[in-house]
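A short worksheet on the structure shown next.
The values are calculated or read from the model by the stated rules, or taken from the named source; none is laboratory data. As the structure is a prediction and not an experimental result, all values here were calculated from the model. Cβ sites come from the backbone with ideal geometry, for glycine too, and all protein chains shown count toward neighbours.
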């Protein structure tokens with residue numbers, strides 16, 4: 001009997017610490033709560049509402065929202081990286097942007113036609129070869 005190994009499953013599931021809340025969500029909500037508490041002590045009530053409520057909404061979104069199966073802050077980081085990277089990727093950049101634009105406007109060169117080296121094998125020849133292989137070389141075709 002071959003060795004059996006335990007394959008880990010659900011490796012993308014985060015550990016829960018308080019009911020359905022993960023450690024990441026708890027830390028995000030704790031930071032937002034402490035920030036709101038500090039704002040509550042420093043500001044009067046109306047300015048606190050104008051600043052504190054958006055902080056709670058943003059923290060709740062970052063803590064609980066998932067887009068395409070990934071947490072929201074990874075989604076935000078991916079958006080930032082996408083906007084920071086150039087749209088045109090060049091492996092060996094030895095030309096300037098103006099030279100590249102000139103090359104892009106030129107028509108692509110015509111490729112020479114490649115002549116086949118051997119004539120394609122006919123179906124009857126393929127049948128004979130497969131019969132030779134299947135019979136172990138006993139069958140000899142007529143030549």
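At-a-glance table
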| read-out | value |
| --- | --- |
| Filtered residues of the range 1-31 (kept if part of a loop (DSSP other than H, G, I, E, B) and within 27 Å of residue 71 (Cα to Cα)) | 7, 8, 9, 10, 11, 12, 13, 14, 15, 19, 20 |
| Among (1) surrounded by 12 or more Cβ atoms within 10 Å (Cβ to Cβ); (2) within 25 Å of the chain's Cα centre (by Cα), the one test that residue 35 misses | (2) |
| Residue ranges of helices (runs of 4 or more DSSP H) in the range 32-118 with at least 3 members within 30 Å of residue 21 (Cα to Cα), touching a residue at least 24 places away in the same chain (Cβ under 8 Å) and in contact with a helix residue (DSSP H, G or I) (Cβ under 8 Å, 6 or more places away or on another chain) | 45-64 |
| Hey, residue 17 at pLDDT below 90 and either surrounded by 10 or more Cβ atoms within 10 Å (Cβ to Cβ) or in contact with a helix residue (DSSP H, G or I) (Cβ under 8 Å, 6 or more places away or on another chain) (or both) or not | yes |
